[in-house]
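Working notes for the structure below.
The values are calculated or read from the model by the stated rules, or taken from the named source; none is laboratory data. Here the structure is a predicted model, which is why all the values come from computation and not from measurement. Cβ placement follows ideal geometry from the backbone for every residue including glycine, while neighbour counts extend to all protein chains displayed.
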Amino acid sequence: MNEPTTLRTILRTAVRGRVWLPGDPGFDAARRPWNLAVEQPVAAVVEAADADDVAALVRYAGPAGLGVATQPNGHGASGRTEGTVLLRTTRLDGLDIDPAARRARIGAGVRSGQVQAAAAPHGLTGLPGSSPVVSVAGVALGGGLSWFGRAYGWVADSVTAFDVVDADGRARHVTADGDPDLFWALRGGGGDFAVVTGLELALRPAPRLFGGRTLWAAGHAAEVMDAYRRITAEAPDGLTVWLDLLHFPGAEPMVAVDATYLGDEAEARALLAPLTRLPAPLSDSMREMEVSELGGITAEPTDPGPGLSRAELLTVLDDTAAKTLLADPMAPLLSVQIRHLGGAFTQPSDSPHGPLTEPYALYMFGVPTDPAAARAVADRQRAFAEALPVSGRKPLSFLNPSETVADAFTAETLTRLRAVKRRYDPRGMFRSDFPVEG
């Protein structure tokens, strides 16, 4: 049944969307994940035309002996896709904003920036992260760290319903009342339980927003770090501040502070006052802004590229940790980012992650230009992790391909997730980036 001609006939009979098989023009481009350093072997790629197409694919994939791995655009891919049909949900792009109910109905292919653009005219916001091009569904399935998480918790905490296709190819509307275990697992446990075709998200008020980036030469990193620690020690939940150590090819090292504040400019500038006492910055984009402009703060790439990342959660950012981060050049890393957490992240959450009690997240990134560079990047990341006060736990959406769900969840949570997997996908058809049985 896996012979290419037979598979081609099955898939092109089953679905109305586009199909690519090995040897087809465009197959290699269609199967690539966002991170081009990850090799993603698949038996075929299907771009579903709609939710009915997803259901048809699932009904035909099982008898063909194939799994289904779902990706809108491939963020967070781990390469664990052997023997699967890679399902692209990009065309599931419906988006409806109900400003009175403060709710959005979002197709699985809708990107974060699209929700922000649609919600902004109503003084509302989703819970966007640093990149406007990631899918909202993918973020929610991974739990979701956003700019406004200190005020509202995990992105998954704001999901009120999922539309899915189950392992039998049936459409289901999943809520806390109707399918409490599946609803719980989908709110941050990954995509191992069903194919999400859409979701409902509670929107939050954002009538005023201040934010931006201030950038200094790396020679001021110690002073910037000290100001950052003072600001975050007293920050209200509406203020989120990140610190970035940056060293891009062909440029001098730099240090940046990125911030957002759900409030007016005067309040924000008062809270960020320690930054004004630092040496003159190289640039400063802090200003009142629309929620649709959030993606421009860190200006992350909007096209795929290769990278090696590692994340950790810091139990403290004390004098010793601060000195460790600044003691040696960060090369060959391009960026070392510290995100302030706390606030609503520490509150009870009916999700697999539960409360996030560590006060800071550390995210390290480098580019593997060749095998030697890849080893050097990984070694530098490991050195930082071993020298800093880390908890050993990390968010699912921050895992890299060398890690597993055991790095994100407690043993108790994994036991419950595996029970949900056995109940809703007993044949193991669905393959997420980080399978709960992996």
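What to note about this one:
- Residue match in region 357-366 (condition: in a helix (DSSP H, G or I) and surrounded by 20 or more Cβ atoms within 10 Å (Cβ to Cβ)): no
- Candidates ALA29, ALA48 - the one that is outside the structural domain of PRO301 (by TED's automatic domain parsing) and over 26 Å from THR369 (Cβ atoms): ALA48
- Which listed residue is within 23 Å of THR413 (Cα to Cα) and either in contact with a Lys or Arg (Cβ under 6 Å, 6 or more places away or on another chain) or surrounded by fewer than 20 Cβ atoms within 10 Å (Cβ to Cβ) (or both), from ALA140, ALA185, ALA194, ALA176: ALA176
- Evaluated against (1) farther than 26 Å from ARG31 by Cα; (2) surrounded by fewer than 18 Cβ atoms within 10 Å (Cβ to Cβ); (3) of a type in the set (Lys, Arg), ARG150 falls short on exactly one condition, (2).
- Those residues of region 294-315 which are in a helix (DSSP H, G or I) and either surrounded by fewer than 19 Cβ atoms within 10 Å (Cβ to Cβ) or among the small types (Gly, Ala, Ser) (or both), in sequence order: GLY295, GLY296
- Among the residues making up region 342-371, those that are closer than 23 Å to SER158 by Cβ and of a type in the set (Ser, Thr, Tyr) are THR346, SER349, SER351, THR357, TYR360, TYR363.
- Close pairs (6 angstrom Cβ cut-off, 6 or more residues apart or separate chains): in a loop (DSSP other than H, G, I, E, B) in region 208-227, buried (at least 21 other Cβ atoms within 10 Å of the Cβ) and of a type in the set (A, V, I, L, M) anywhere: LEU209/VAL291
- Residue pairs whose Cβ atoms lie under 7 Å apart, separated by 6 or more positions or on different chains, with the first residue in region 270-283 and touching a residue at least 40 places away in the same chain (Cβ under 8 Å) and the second hydroxyl-bearing (Ser, Thr, Tyr), are LEU271/TYR261; LEU275/THR214; PRO281/THR214.
- Elements of type helices (runs of 4 or more DSSP H) in region 115-193, at least 1 residues being modelled with pLDDT of 95 or more and farther than 19 Å from SER432 by Cα: 149-152, 180-186
- One residue stands out among those in region 402-438 that are charged (D, E, K, R) and part of a loop (DSSP other than H, G, I, E, B): the one that is surrounded by the most Cβ atoms within 10 Å (Cβ to Cβ), which is ASP433.
- Residue in region 380-401 that is assigned to a helix (DSSP H, G or I), surrounded by fewer than 19 Cβ atoms within 10 Å (Cβ to Cβ), touching a Leu at 6+ places or on another chain (Cβ under 7 Å) and outside the structural domain of VAL196 (by TED's automatic domain parsing) present: no
- Residues of region 1-23 classified as exposed (fewer than 15 other Cβ atoms within 10 Å of the Cβ) and assigned to a loop (DSSP other than H, G, I, E, B), total: 6
- In region 241-263, the residues that are in the same structural domain as ILE297 (by TED's automatic domain parsing) form Cβ pairs under 9 Å with partners that are surrounded by fewer than 21 Cβ atoms within 10 Å (Cβ to Cβ) and aromatic (Phe, Trp, Tyr), at six or more places apart or across chains, as follows: MET254/PHE248.
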